[in-house]
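The values are calculated or read from the model by the stated rules, or taken from the named source; none is laboratory data. Predicted, not measured: the structure shown is a model, and the values here were computed from it. As a convention, Cβ positions derive from the backbone with ideal geometry for all residues, glycine included, and neighbour counts pool all protein chains shown.
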């Protein structure tokens, strides 16, 4: 993959991550901890996530907390968090809350997103994103996330998002050789 542009590498790695869930056998509809750890490690190895310094701090079925840095990669020319990066991280946080709820052969894709930037986060900040699943149906998952920074020991809300994900069946892999 070394010859592919960074964005295409990230997309391919993310696709592989999502496809890897198909081999999971669930107990009480929860992915085993060792499988979830492998999925998380694969996600964290993506160039986009690495450049954002993304970390999974907490994760359980239906809830997650991630963090990422406002650094040279994620800041805009004004020296604050770029809104597009915030949108992406809110979506990633929602996926992190949803992924432990998937059944064998299921995948999720975002089909509706709504994000609001409420305040700026300056370069050097660590952004925390808390996400949760509001409702998990057979075909649709409704989730939300809140992004915040710590300012003098106080939690300052900087963004919110709602992400609706469609539950789809894993596509069959076709050998084209």
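In table form, for the structure just shown:
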| read-out | value |
| --- | --- |
| Exclusive hit being in contact with a helix residue (DSSP H, G or I) (Cβ under 8 Å, 6 or more places away or on another chain), outside any strand (DSSP E or B), surrounded by 22 or more Cβ atoms within 10 Å (Cβ to Cβ) and modelled with pLDDT under 95, set 104, 100 | 100 |
| Any chance residue 64 is closer than 24 Å to residue 170 by Cα, at pLDDT 90 or above, in contact with a helix residue (DSSP H, G or I) (Cβ under 6 Å, 6 or more places away or on another chain) and surrounded by 16 or more Cβ atoms within 10 Å (Cβ to Cβ) | yes |
| Residue 32 being closer than 27 Å to residue 123 by Cα, out of contact with any helix residue (DSSP H, G or I) (no Cβ under 9 Å at 6 or more places or on another chain) and at pLDDT below 75 | no |
| Conditions (1) out of contact with any helix residue (DSSP H, G or I) (no Cβ under 9 Å at 6 or more places or on another chain); (2) at positive phi; number of the one not met by residue 139 | (2) |
